[in-house]
Amino acid sequence: QVQLVESGGGLVQAGGSLRLSCAASGVTFSSDAMGWFRQAPGKEREFVAAINWSGGSTDYTASVKGRFTISRDNAKNTLYLQMNSLKAEDTAVYYCAARRGGYYSRGPNEYPYWGQGTQVTVSS
């Protein structure tokens, strides 16, 4: 079955960096678009970044553009999110998600497969 497992979350001071990973199994990873979403307490799940099947096209929400970088290694079936210059408002549970068809979307409902999430806490 499909399994997405995030790792790399933790507690970091504002201005610091973290690298999230998402290991995929049971999906045709190299032909799936992938996304990162986050959900802060009391808020709806929101789009963070997405990447197409080849890694040649990416999309970011405005608040993370220039600070976060999404990438993928299709040989390792792994998705990454490099997060630099972290801010307190980046604190949330971060989820990776997979979408068949190769092309990404910003809508969480477009992604049928989700990981369990990893907590990122940024202290100010």
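The values are calculated or read from the model by the stated rules, or taken from the named source; none is laboratory data. This one's a predicted model, so the numbers in the text were calculated from it and none came from an experiment. Every residue, glycine among them, receives a Cβ derived from its backbone with ideal geometry; neighbour counts consider all protein chains shown. Note: areas computed on protein heavy atoms with side chains; ligands, DNA, RNA excluded. Shrake-Rupley method; radii C 1.70, N 1.55, O 1.52, S 1.80 Å.
Observations on the structure shown:
- Boolean, Arg72 is open to solvent by 60 Å² or more (accessible area, probe 1.4 Å) and either closer than 28 Å to Gln1 by Cα or basic (Lys, Arg) (or both): no
- Per the conditions (1) touching a residue at least 60 places away in the same chain (Cβ under 8 Å); (2) open to solvent by 60 Å² or more (accessible area, probe 1.4 Å); (3) over 21 Å from Ser123 (Cα atoms); (4) not aliphatic (A, V, I, L, M), the sole criterion not satisfied by Arg19 is (3).
- Test: residue in the range 98-117 that is hydroxyl-bearing (Ser, Thr, Tyr) and at positive phi: no
- Taken over the range 106-120, the criterion of being open to solvent by less than 30 Å² (accessible area, probe 1.4 Å) and outside any strand (DSSP E or B) is satisfied by Gly107, Tyr111, Gly115, Gly117.
- Residues that are in a strand (DSSP E or B) and either touching a helix residue (DSSP H, G or I) at 6+ places or on another chain (Cβ under 8 Å) or among the β-branched types (Val, Ile, Thr) (or both) within the range 1-34 comprise Val5, Val12, listed in sequence order.
- Single residue of the range 91-103 satisfying the filter (under 18 Å from Tyr113 (Cβ atoms) and in contact with a Ser or Thr (Cβ under 6 Å, 6 or more places away or on another chain)) that is surrounded by the most Cβ atoms within 10 Å (Cβ to Cβ): Tyr94
- The range 75-90 - residue that is polar (S, T, N, Q) and open to solvent by 40 Å² or more (accessible area, probe 1.4 Å) and, of those, nearest to Phe47 (Cα to Cα): Gln82
- Just so you know, in the range 22-45 the residues that are open to solvent by less than 20 Å² (accessible area, probe 1.4 Å) and of a type in the set (D, E, K, R) include one that is farthest from Asn109 (Cα to Cα), and it is Asp32.
- Subset tally (residues that are under 13 Å from the mean Cα position of the chain (by Cα) and closer than 20 Å to Gly102 by Cα) for the range 24-52: 12
- Pairs with Cβ under 8 Å, 6+ apart, first in the range 84-103 and touching a residue at least 24 places away in the same chain (Cβ under 8 Å) and basic (Lys, Arg), second part of a strand (DSSP E or B) and open to solvent by 40 Å² or more (accessible area, probe 1.4 Å): Arg99/Tyr113
- Candidate set: the range 47-69, residues that are of a type in the set (A, V, I, L, M, F, W, C) and open to solvent by 10 Å² or more (accessible area, probe 1.4 Å); chosen: the one nearest to Thr118 (Cα to Cα): Phe47
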